[in-house]
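Asker: I'd like to ask some things about the structure below.
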2 protein chains.
Amino acid sequence: MRRTSYEDPDCPVAQSLERVGERWTILILRDAYKGMTRFDQLEKSLKIAPNILTGRLASLVESGFLERKRYSERPPRDEYVLTERGRDFQEVVASLAAFGNRHFLTHDPSFVLFDTQTGKQADPMVIDAVSGQRVVNPRFQPRSTNQPVGSTDD
Amino acid sequence: MRRTSYEDPDCPVAQSLERVGERWTILILRDAYKGMTRFDQLEKSLKIAPNILTGRLASLVESGFLERKRYSERPPRDEYVLTERGRDFQEVVASLAAFGNRHFLTHDPSFVLFDTQTGKQADPMVIDAVSGQRVVNPRFQPRSTNQPVGSTDD
């Protein structure tokens, strides 16, 4: 039994996963942040079947993360460039990479952000912009916006 | 053709997705942050087949995000509580939720973080702890740690 949708229109986590939750999708975006734009670059990097890559790219174009642009007329060739939405998602990939580096990598990782102005390796972390505090802290608790403070989420 | 692994031991993004990339896994963790610990709570919230939920919970226990604890002997009943690693992953889910709220939600979302010390809704964003700057900024570029600055990632 495989459903096509998480059917949870009010949840921002489910709605994001609707667009990027399929296998390989986030790794395509990771490679886009590394500067890859062409089908053959992605195919070589990810080592996935071309029909799967074609489907994932079409899905990322449809959901507004990538834009398809023709870069050669003869022969006809397209490339896939990040949209504003796609670039914005780098926040999520940066936090996923930082988490992976903290928990699973014991040696030089193949994906870290560098600060090109200072040449230093960046240390991505998620903070609350209002208080300036890191969100991994018991003071931050999830609830829905239309739920009274103090009620349980059931 | 479905492979069991992304086979990319050096990439922190791939290594994280190895553990949380399966369908439903991140939504189970989302519900754990909301305080759900029991099988029937998760089954009701996610509306997934029990055998799928059993498999995903076992996988999250195996990869160290959840710990299985017995809370009743008669009848025997277990609950699933977040480990330190599981709590740390709230950073990633917070950034995914913030992204979803920016791009896909037009009304009251069902998952936002609140600051229990102030009662205010939090605004999670990903910054570089070294410079204090937001990582969605062209000055931050990905590369591997063992790659010279300025070379392309091919």
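Asker: Can you report the number of residues in the stretch B:7-16 which are free of Cβ contacts under 8 Å to residues at least 12 places away in the same chain and in a helix (DSSP H, G or I)? First the steps, then the outcome.
Answerer: Just the residues of the stretch B:7-16 that are free of Cβ contacts under 8 Å to residues at least 12 places away in the same chain, to begin with: B:7-9, B:11-15.
Now drop any that are not in a helix (DSSP H, G or I), which leaves B:12-15.
Of the residues in the stretch B:7-16, 4 are free of Cβ contacts under 8 Å to residues at least 12 places away in the same chain and in a helix (DSSP H, G or I).
Asker: Does residue A:18 qualify as being at the interface with chain B (Cβ under 9 Å from one of its Cβ atoms) and either hydrophobic (A, V, I, L, M, F, W, C) or buried (at least 16 other Cβ atoms within 10 Å of the Cβ) (or both)?
Answerer: Yes: the conditions hold for residue A:18.
Asker: Looking only at the stretch B:130-154, count how many residues are at pLDDT 90 or above and part of a strand (DSSP E or B).
Answerer: 4
Asker: Oh, and also: Would you check if there is a residue in the stretch A:49-67 being over 24 Å from residue B:95 (Cβ atoms), among the hydrophobic types (A, V, I, L, M, F, W, C) and without any contact (Cβ under 8 Å) to a residue 24 or more places away in the chain?
Answerer: Yes, the stretch A:49-67 contains a residue that is over 24 Å from residue B:95 (Cβ atoms), among the hydrophobic types (A, V, I, L, M, F, W, C) and without any contact (Cβ under 8 Å) to a residue 24 or more places away in the chain.
Asker: Then there is this: Which residues, counting only those in the stretch B:17-40, are touching a strand residue (DSSP E or B) at 6+ places or on another chain (Cβ under 6 Å) and part of a loop (DSSP other than H, G, I, E, B)?
Answerer: B:34, B:37, listed by residue number.
Asker: Is there a residue in the stretch A:76-99 that is closer than 26 Å to residue B:116 by Cβ and more than 7 Å from chain B (Cβ to nearest Cβ)?
Answerer: yes
Asker: Another question about this same structure. Please go through the stretch A:45-69 and give me each residue that is within 12 Å of chain B (Cβ to nearest Cβ), in contact with a helix residue (DSSP H, G or I) (Cβ under 7 Å, 6 or more places away or on another chain) and not hydrophobic (A, V, I, L, M, F, W, C), ordered by number.
Answerer: A:45, A:50, A:63, A:64
Asker: Moving on. Does residue B:43 satisfy the criteria of being closer than 30 Å to residue B:136 by Cα and out of contact with any Asp or Glu (no Cβ under 9 Å at 6 or more places or on another chain)? Can you show your working first?
Answerer: Details: closer than 30 Å to residue B:136 by Cα: no; out of contact with any Asp or Glu (no Cβ under 9 Å at 6 or more places or on another chain): yes.
Taking the combined requirement at face value, the residue does not satisfy it.
The values are calculated or read from the model by the stated rules, or taken from the named source; none is laboratory data. What you are looking at is a predicted structure, and each value in this text was computed from that prediction instead of being measured. Glycine gets a Cβ as well: all are built from the backbone with ideal geometry, and neighbour counts include every protein chain shown.
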